[in-house]
Amino acid sequence: MPKMRAAQVPYAKGPFELVERDIPDPGAGKVRVKVQACGVCHSDSVTKEGLFPNIEYPRVPGHEVIGTVDALGDGVAGWQLGQRIGVGWHGGNCGYCDACRRGDAFACETTTLVTGVTHDGGYADYMIAPASALAGVPDDLSAIEAAPLMCAGITTFNALRNSDARPGEVVAVLGIGGLGHLGVQFAAKLGFKTVAIARGADKAPLARQLGAHHYIDSEAEDPAAALQKLGGAKVILATATSGAAMSAVQGGLAVRGTLMIIGVPDRLDINPLPLILGSRSVKGWYSGTSIDSQQTLTFSALTGVRSMNEIYPFAKVAEAYDRMMSGRARFRVVLTMEG
Ligand SMILES: [Zn+2]
Ligand SMILES: [Zn+2]
């Protein structure tokens, strides 16, 4: 039986184990993916630290997967052997439940599949993925370039393109980290008057480099007042994980503006009066499904949006994970299977 390398978590909070496993065969409706690169995302801590109930261990994390179709299970249509594909957090959907038929495949009620959580993900030479989870990858994006776009990229791009903001309107991105450095690029390329908000004057050059038209140092000035000076934000994309930082920008929303939450703070205080008086809203945004991933990749290839990455060979998976969790990586961590 041919073997492959995999990095598995043996139990919640357990250490990564580099193991040899049999190369799996795809069942009906699934494909085997030969993994070329896999991003290391903060949400991998769901599996590593056991943050969701009922995770079955050992489990291989990884939901920013880029590779090629290596084998087709029975009944898979529309995908060819050797085709470049990506697999993200959305691990597939049934196609027949009420949510799927409504077009809300992200909320599929029958098969809550999450790559690297409910089934093994991309920290391995090969993985099995439902065909409904596959995104096509443009030729002009390398595997390493494309990997972080499968989660950090889609999350920011899909939130922005599904917001009410129109080109020319003010869109602010709170936080310039793993999500935010992509959010700023997408906002600028989507044609929004793009405002980056972070702490410290030292981040201003980076914000400009990413395409921001304005930078607000929230330590030096009140970010809400600064946004109002620019006319108020139609959307504030909150990528930070500080509830206090999110509360502090809320007053910068324009009338009918939306505070769009994609970072996860412990708690969030919202002042209800501006919501009522200005018909403003606070909403969350799921990342997206396979077609959203594919369009994120296409848009990025067309416009030059790229993640800034620190690259690790597969054998250094534990080091790569620690680096990501340290919060000091600039800005995404990617495992390459070539090492
Ligand atoms: Zn469904
Ligand atoms: Zn992720």
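Expected output is a single nm value to one decimal: the length gained when fully extending between residue 102 and residue 81, i.e. 0.36 nm times separation in residues minus the C-alpha distance. What is it?
Full extension of this stretch gives 4.5 nm more.
For region 180-339, how big is Rg over Rh, using alpha carbon atoms and the Kirkwood form of Rh?
Answer for region 180-339: 1.00.
Dividing the Cα radius of gyration by the Kirkwood radius, what Rg/Rh value follows for the chain?
Here Rg/Rh amounts to 0.98.
What residues have an amide H closer than 5 Å to that of residue 253, excluding those fewer than 5 places away on the same chain, when H is modeled at 1.01 Å from N in the peptide plane?
233
When the Kirkwood radius is taken over all Cα pairs of region 98-140, what Stokes-Einstein diffusion coefficient follows at 4 °C and 1.567 mPa s, in µm²/s? If you can, show how the numbers build up before the last one.
On the way: Rh = 12.2 Å.
Stokes-Einstein gives a translational diffusion coefficient of 106 µm²/s.
Using alpha carbon centroids, what distance separates region 124-146 and region 221-265, in Å?
34
Please arrange 128, 236 by accessible surface area, largest first, computed with a 1.4 Å probe and ligands excluded.
Highest to lowest solvent-accessible surface, that is 128, 236.
Under the √(5λ) rule applied to the eigenvalues of the Cα gyration tensor, what semi-axes describe the equivalent ellipsoid of region 1-154? Give them in Å, descending.
Output for region 1-154: semi-axes of 22, 19, 16 Å.
Excluding residues fewer than 8 places away in the same chain, name every one of the aspartates and glutamates whose C-alpha is closer than 18 Å to that of residue 3.
17, 20, 22, 25, 70, 120, 125, 338
If you plug each phi of region 215-224 into the Karplus form 6.51 cos²θ - 1.76 cosθ + 1.60 with θ = phi - 60°, what whole-Hz ³J(HN,Hα) values come out, in order, with x for Gly and Pro?
The phi angles translate into 10, 10, 8, 6, 7, 8, 8, 6, x, 5 Hz.
Between residue 49 and residues 5 or more places away or on another chain, which pairs have amide H atoms under 5 Å apart, with H built 1.01 Å from N, and which residues are they?
13
Can you sort 1, 337 by 1.4 Å-probe accessible area, starting with the largest?
1, 337
What accessible surface, in Å², does a 1.4 Å probe find on residue 30, ignoring ligands, DNA and RNA and rounding to the nearest 10?
Spelled out: residue 30, probe radius 1.4 Å, area about 80 Å².
Averaging the inverse of every distinct alpha carbon separation and then flipping it gives the Kirkwood radius. What is it for region 214-299, in angstrom units?
The Cα-based Kirkwood calculation yields 13.9 Å.
With a 1.4 Å probe and all protein chains kept in place, how do 299, 157 rank by accessible area, largest first?
299, 157
Name the residues whose placed amide hydrogens come within less than 5 Å of the amide hydrogen of residue 332, ignoring near sequence neighbours (fewer than 5 apart) on the same chain.
For residue 332, whose amide H was placed from the backbone, the distant partners under 5 Å are 308, 309, 310.
Of 86, 114, 103, which is farthest on the positive side of the dipole of region 84-129, counting Cα position, with +1 on Lys and Arg Cβ, -1 on Asp and Glu Cβ, and the Cα centre as origin?
The listed residue farthest towards the positive side: 103.
Given a 1.4 Å probe and the protein chains all in place, what does the accessible area of residue 312 round to, in Å² to the nearest 10?
For residue 312, the solvent-accessible surface is approximately 30 Å².
So how far apart, in nm, are the two label points at residue 57 and residue 139 if each is 7 Å from Cα heading toward Cβ?
Going by the 7 Å Cα→Cβ label model, 4.6 nm.
If you take the Cα Rg of region 1-76 and divide it by 2.2 N^0.38 Å, with N the number of residues, what do you get? It would help to have the intermediate numbers written out before the result.
Numbers: Rg = 13.6 Å, N = 76, 2.2 N^0.38 = 11.4 Å.
Compared with the compact-globule rule of thumb, region 1-76 sits at 1.19.
How large is log10 I(q)/I(0) at q = 0.13, 0.17, 0.18, 0.21 Å⁻¹ when the Debye formula is applied to the Cα atoms of region 127-250, each weighted equally and without solvent?
Here log10 of I(q) over I(0) equals -0.53, -0.82, -0.90, -1.16.
Let me cross-check residue 109: its accessible surface, 1.4 Å probe, with only protein heavy atoms counted, in Å² to the nearest 10?
110
Report the extension gain between residue 222 and residue 19 in nm, rounded to one decimal, defined as 0.36 nm multiplied by the number of residues separating them, less their alpha carbon distance. List each step's numbers first, then the result.
Working: separation 203, 0.36 × 203 = 73.08 nm, distance 5.13 nm.
Between residue 222 and residue 19, full extension yields 68.0 nm more.
Using the structure shown, list the pairs from 30/316; 203/234; 189/229; 283/316; 48/193; 34/234 with a Cα-Cα distance above 32 Å, or answer none.
Pairs exceeding the cut-off: 283/316; 48/193; 34/234.
The values are calculated or read from the model by the stated rules, or taken from the named source; none is laboratory data. Quick caveat, the model's predicted, so the values are computed rather than measured. Quick reminder, even Gly has a Cβ in these numbers, built from the backbone with ideal geometry, and neighbours come from all protein chains shown. Accessible surface is based on the protein model in full, side chains and every heavy atom, while ligands, DNA and RNA are left aside. Shrake-Rupley method; radii C 1.70, N 1.55, O 1.52, S 1.80 Å.
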